[in-house]
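Read the figures in this text as sums done on the coordinates, not as results from a lab. These figures come from a predicted structure and were not determined experimentally. Cβ sites come from the backbone with ideal geometry, for glycine too, and all protein chains shown count toward neighbours.
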Amino acid sequence: MGQVILQSDLASLTKAELHVHLEGTVRPSTMEEFLGRSALPVSRVYSNLAGFVEVYGSAWAMMTKPGDYARMVREYCEDAMRAGIRYAEMHITTGARPFPCLMEAVEAASKERDIVMRFIVDVPRTFPIEVGFALLEGANGVPDVVGIGLGGAERGYPPEPFTPLFDEARSRGLRSMPHAGEDAGPESIRGALDALKAERIMHGVRAVDDPQLLAELSERKIPLAVCPTSNVMLGVATSLEEHPLRELWDAGITVSVNTDDPGYFGCDLVGEYAIAGRLLNLDREGYGRLALNSVESSFAPEGLKNKMRGDIADWIRRQ
Ligand code: ADE
Ligand code: ZN
């Protein structure tokens, strides 16, 4: 068994973050400012995914001023750099804004020197499909948008009705990356694969309830972008010790760890790696493999992927 790795060393391991919602990265101090715009108090109490999505939606509704999206991008990048993140694919839910917030976010991201960002159109599954089409239209022709996602409360909102939206998005060159198997069962993952042709699944932890599905995810190399702290905060796993990360890893699935909504859950990616290290008993090479999984699960430009692979190999060798 390898030695215990210090946090400062983990922070210098190059990583990609593949499951993080821009509007969920908002720092607590920035959130206070946004919520101060509401005439009514905004509830911050939640104990499950459906409750969280309501709180999240109320805060989202306050992010209405020009500059808000650029600021969230800048602040995320500052925090991400400290965690060793060199590439991120971020969910963003635009639309119903009096200013072009997607372009604002893209422009802010393009000014970052040390971190490359791409965006995923995050469609709320509890809204009519027309909302999804409007969000897709808003991202038309923006090269920094690489994927389409499906988020929000899962129970009672299966993936299948979103088939035409995902078909259209894929025909425009976007990658399919829906949430599934977070608080709905393995059938939602099956739906995401079959109906939405998912190329990466956000969460997907409930795959452990279906051994055949586990084997298929492994065989087809469909990556899962898992978020351990988020899963505990939203009651998806009863505790970190009970988290199914180990079963997914042992099944040979390409798992990465991610923060989901770090502004809400008080987590960062170095902490998620440390949690994974504990759950998976990782030595130095194991941490490297976890970081490599994040690179291989991404849709980063090939040149950047190669650079990240090299940096990870260097980190493994360094002591
Ligand atoms: N939107 C923001 N965070 C989410 C999560 N964990 N699941 C589904 N939708 C989300
Ligand atoms: Zn998410």
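What percent of all Cα-Cα pairs in the stretch 110-169 falls into each 10 Å bin, going from 0 up to the bin containing the maximum distance?
With 10 Å bins starting at 0, P(r) equals 21, 48, 21, 9, 0.
What FRET efficiency would be calculated for the residue pair Thr238, Arg44, taking the C-beta separation as r and a Förster radius of 25 Å, to the nearest 0.05?
So, using R0 = 25 Å, E works out to roughly 0.65.
Report the net charge of residues surrounding Ile148, where surrounding means a beta-carbon distance below 13 angstrom and charges are Lys +1, Arg +1, Asp -1, Glu -1.
Neighbourhood net charge equals +1.
Of Arg190, Arg278, Arg289, which has the largest mean-square fluctuation in a 10 Å C-alpha GNM of the chain?
Arg278
Positive end of the charge dipole of the chain (Lys, Arg +1 and Asp, Glu -1 on Cβ, about the Cα centre): tell me which of Val42, Pro223, Tyr76 has its Cα farthest that way.
Among Val42, Pro223, Tyr76, the one farthest towards the positive end of the dipole of the chain is Tyr76.
Can you spot the aspartates and glutamates whose alpha carbon is less than 13 Å from Lys197's alpha carbon? Ignore those fewer than 8 places along the same chain.
The qualifying aspartates and glutamates are Glu160, Asp167, Glu168.
Loop-only check: which GluC sites (Glu not before Pro) in the stretch 154-242 are DSSP coil with at most 11 other Cβ within 10 angstrom? Intermediate values should be presented prior to the final figure.
Numbers: sites: Glu154, Glu168, Glu182, Glu187, Glu199, Glu216, Glu219, Glu241, Glu242; in loops: Glu154, Glu182, Glu199, Glu241, Glu242.
Within the stretch 154-242, the qualifying GluC sites (Glu not before Pro) (loop, at most 11 other Cβ atoms within 10 Å) are Glu241, Glu242.
In the Gaussian network model of the chain, springs joining C-alpha atoms below 10 Å, which of Arg113, Arg44, Arg284 carries the largest mean-square fluctuation?
Arg113
Between Ala96 and Glu32, how many nm apart are label points set 7 Å from Cα along the C-beta direction?
According to this spin-label approximation, the distance is 2.7 nm.
If the stretch 1-120 were replaced by its equivalent ellipsoid, with semi-axes equal to the square roots of 5 times the Cα gyration tensor eigenvalues, what would those be, largest first, whole Å?
Output for the stretch 1-120: semi-axes of 28, 19, 12 Å.
Taking the number of other C-beta atoms within 10 Å as the exposure measure, put Tyr287, Tyr76 in order starting with the fewest.
With the fewest neighbours first, Tyr287, Tyr76 line up as Tyr287, Tyr76.
Exposure proxy check: Phe127, Phe299 ranked by fewest other beta carbons within 10 Å? Walk me through the numbers before you get to the answer.
Numbers: Phe127 15, Phe299 18.
If I rank by nearby Cβ atoms, fewest first, I get Phe127, Phe299.
Using packing as a proxy for protection, rank 265-271, 118-124 so that the peptide with the highest average count of other Cβ atoms within 10 Å comes first.
Working: 265-271: 19.7, 118-124: 25.0.
Listed from highest to lowest mean packing, they are 118-124, 265-271.
Under a cut-off of 20 Å between alpha-carbon atoms, report the aspartates and glutamates in cross-link reach of Lys305, not counting same-chain residues fewer than 8 places apart.
Partners found: Glu17, Glu89, Glu112, Asp114, Asp144, Glu199, Glu285, Glu296, Asp314.
Based on alpha-carbon atoms only, what is the radius of gyration of the chain relative to the globular estimate 2.2 N^0.38 Å?
Output field value: 0.93.
What distance in nm separates the simple spin-label points at Thr163 and Met103, each placed 7 Å from Cα in the Cβ direction?
Between Thr163 and Met103, the label points sit 3.6 nm apart.
Pick from Gly67, Gly141, Gly24: which residue has the top mean-square fluctuation in a GNM of the chain where Cα pairs under 10 Å get a spring?
Gly141
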